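Structure, as structure tokens:
Where a number appears in this text, it was derived from the coordinates with a stated rule and is not lab data. Since we're looking at a predicted model, the values are computed, not measured. Neighbour counts run over all protein chains shown; Cβ positions are idealised from the backbone, glycine included.
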Amino acid sequence: MDALDETAEQIAALLDGIVRRQRRASRERLGEPVTHGQFRVLRTLDNADRPLRLSELAAQLGIVPRSATSVVDDLEAAGLVARHPDPNDRRATLVTLTPAGAQILTTLRHNRREAMATQLTRLTPTEQKTLIRLLQRLAED
């Protein structure tokens, strides 16, 4: 393995560990109300400017429609999302957040921010700005 491969492996492992720690801290505060996949669905619905068809939701999440249906089934059973018939197409179903889903999402986001803020206290303000800049560069398409 060359130096670049070793660096890539080390960075991937560190980022994975940070994300796991953040998720764990958020779950511990809430008692694990939703999975990471369910959180992604709630976040995607919240960011949408309108109700989404299941096929649109799946496309935005980068998953197959059947997987989106399963996650939405579980979220609907928990009262966090609701399905509605699409007024423009009787065969299609639209998905929206319920007030309970919006509240859980708000709480999860708050917990994630707190968990990350705790981790960031280890860095100086200058290091925090450098980290943001570097992560933004890595996140560019």
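Side notes on the structure shown:
- Amide hydrogen neighbours beyond the local backbone of A92, cut-off 5 Å, H modeled: D86
- Distribution of pairwise C-alpha distances over segment 34-111, 10 Å bins, in %: 20, 58, 21, 2
- Relative contact order of the chain, taken over Cα pairs closer than 8 Å and 6 or more residues apart, is 23 percent.
- Estimated distance in nm for a label pair at N47 and R66, the labels positioned 7 Å out from Cα along Cα-to-Cβ: 2.6
- From its DSSP helices (H runs of at least four residues, each -39,500 (n - 2.57)), the chain gives a residue-normalised ellipticity at 222 nm of -23000 deg cm²/dmol.
- Counted over the chain with a bin width of 5 Å, the fraction of Cα pairs per bin, in whole percents, is 2, 9, 15, 17, 16, 14, 12, 8, 5, 2, 1, 0.
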